[in-house]
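Here's the structure we're looking at; comments come further down.
Each value in this text was obtained by applying a stated rule to the coordinates, not by laboratory testing. Being a predicted model, the structure only gives us computed values, none of them experimental. Heads up, the Cβs are rebuilt from the backbone with ideal geometry, glycines too, and the neighbour counts pull from every protein chain shown.
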Amino acid sequence: MEETGRAARFWIQAALLAAVAALAGWLVFTAWTNIGRLPVHFGLGFLSEPAGFGVLQTLIPFDEKSTYGRAFMVGLLNTLLVAAIGIALATVIGFSVGVARLAPNRLLRAVAAGYVELFRNLPLLLILFFFYFGVLRQLPPPRQSFEFGGVILNNRGLFLPDPAGGGWLVLAALALLAAALALKSRWRIFAGVGAAIALVSALAMTHIVWPEARGLSVSGGLRLIPEFVALVAALAIYTAAYIAEIVRAGIQSVARGQGQAAAALGLTGLQAMRFVVLPQALRLVVPPLTSQYLNLTKNSSLAVAIAYPDLVSIFAGTTLAQTGQAVEIMALTMGVYLTLSLATAALLNWQNARVRA
């Protein structure tokens with residue numbers, strides 16, 4: 001009787017699978033037939049054609065004569081830049097607010113709780129519009145710029161000191177420093193020494209170009225356009241509210257006796273949190289943290305709402321409108337976000353396994 005039931009379940013599942021496969025095949029066949037009827041050549045040959053448009057922010061050289069393939073790379077790099085800086089800021093803010101929610105100071109706890117409740121209950125798009133239209137676009141013109149510590153802020157963006165000359169060595173130092181934190185102890189020293197050498201070399205080769213307000217413009221320095229600042233700020237602040245709750249729950253999952261034992265050994269509250277509580281909380285924090293990092297990366301596609309030139313805006317927007325290659329462009333765009341999500345998840349899963357080892 002039991003074998004008969006298993007056989008029945010098997011055939012039912014096989015029939016459902018065959019029906020799903022048949023439906024998928026029909027959809028693919030129908031789409032392919034309809035595409036063949038359109039006066040559009042199917043393929044990726046359009047990537048080698050000149051784009052004919054400019055981009056406000058580029059990390060690589062790009063002009064109107066550049067190809068659509070290069071426009072794709074420009075959008076991808078801008079998306080990666082937003083995701084990387086947003087994740088870093090959201091992590092710092094989220095961990096700080098999460099720890100503050102458990103602080104002995106009542107006022108600090110109340111402020112942290114208010115921050116979490118406020119931004120977790122607002123739509124991300126509304127927060128993005130607030131920072132862009134309600135804050136950055138309301139700043140004064142260059143003649144009346146806010147200046148503090150070599151930083152200039154006005155309605156044309158945020159201008160920072162530009163470390164010209166050894167910037168690539170600074171990036172190498174940061175990469176080696178990250179490797180030093182991630183590698184095993186026997187390799188950590190070598191990575192740390194390499195980071196120190198790269199940083200010292202960068203400082204020796206670098207000369208700082210300071211921004212200077214001159215009439216109707218700002219000369220020198222590193223300019224961050226308002227769209228970039230608003231997008232990064234909105235993503236970081238919004239995601240940090242969720243990270244704060246994850247961190248708070250992770251800390252509360254650690255037995256109170258751990259902190260009491262650390263205090264008995266003479267550790268201060270901050271030392272106990274850093275060396276005893278947080279390392280144990282990370283075991284539970286990393287898995288849900290992965291989801292927040294993935295959400296931030298995917299939410300960066302909202303950049304199109306404020307005309308920031310990310311992958312969706314440049315490639316799935318302007319390029320699609322000019323070429324009409326909808327299937328190829330959307331497939332490439334979805335493939336990029338899928339690859340970024342899987343790569344981020346794999347990296348954090350590896351880190352989680354390393355923490356648990």
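Charges only on Cβ, +1 for Lys and Arg, -1 for Asp and Glu: so what's the dipole of the range 82-157 about the Cα centre, in debye to the nearest 20? If you can, show how the numbers build up before the last one.
On the way: 7 positive and 2 negative charges, 19 e Å.
Charge dipole, the range 82-157, about its Cα centre: 100 debye, nearest 20.
Report the extension gain between GLU147 and ALA331 in nm, rounded to one decimal, defined as 0.36 nm multiplied by the number of residues separating them, less their alpha carbon distance.
61.8 nm
Around LEU136, with a cut-off of 11 angstrom between Cβ atoms, what is the net charge of the other residues, counting Lys and Arg +1 and Asp and Glu -1?
Within the 11 Å Cβ shell, the charges total +1.
So for the range 241-357, taking the charge dipole from beta-carbon charges (+1 Lys/Arg, -1 Asp/Glu), which of ALA255, THR319, PRO288 sits furthest toward the positive end?
ALA255
Run the Debye formula on the Cα coordinates of the range 71-150, all scatterers equal and no solvent, and tell me log10 I(q)/I(0) at q = 0.11, 0.12, 0.15 1/Å.
-0.51, -0.60, -0.88
Subtract the Cα-Cα distance of LEU342 and ARG274 from 0.36 nm times their separation in residues, and report this length gain in nm to one decimal. If you can, show how the numbers build up before the last one.
Values: separation 68, 0.36 × 68 = 24.48 nm, distance 3.01 nm.
Taking 0.36 nm per residue and subtracting the Cα distance, the gain is 21.5 nm.
Going by average Cβ neighbours within 10 Å, how do the peptides 259-266, 76-83, 329-336 rank, with the highest at the top?
Values: 259-266: 12.6, 76-83: 20.6, 329-336: 15.9.
Put in order of decreasing packing, that is 76-83, 329-336, 259-266.
Testing the spin-label approximation: label points 7 Å from Cα along Cα→Cβ at TRP11 and VAL135. State their distance in nm.
6.4 nm
Pop a pseudo-label 7 angstrom from the Cα along the beta-carbon direction at both LEU27 and LEU56 and give the gap in nm to one decimal.
So the label points at LEU27 and LEU56 sit 3.6 nm apart.
Calculate the FRET efficiency for LEU265 and LEU216 from the Cβ-Cβ distance with a Förster distance of 51 Å, rounded to the nearest 0.05.
FRET efficiency, LEU265 to LEU216: 0.25.
How much length is gained on full extension from LYS65 to VAL92, taking 0.36 nm per residue of separation minus their Cα-Cα distance?
Result for the pair: 5.7 nm of gain on full extension.
Report the local net charge at TYR242: Lys and Arg +1, Asp and Glu -1, summed over other residues whose C-beta lies under 15 Å from its C-beta. Before the final figure, lay out each step's value.
Values: positive: ARG101, ARG120, ARG248, LYS298; negative: GLU117, GLU245.
Local charge sum for TYR242: +2.
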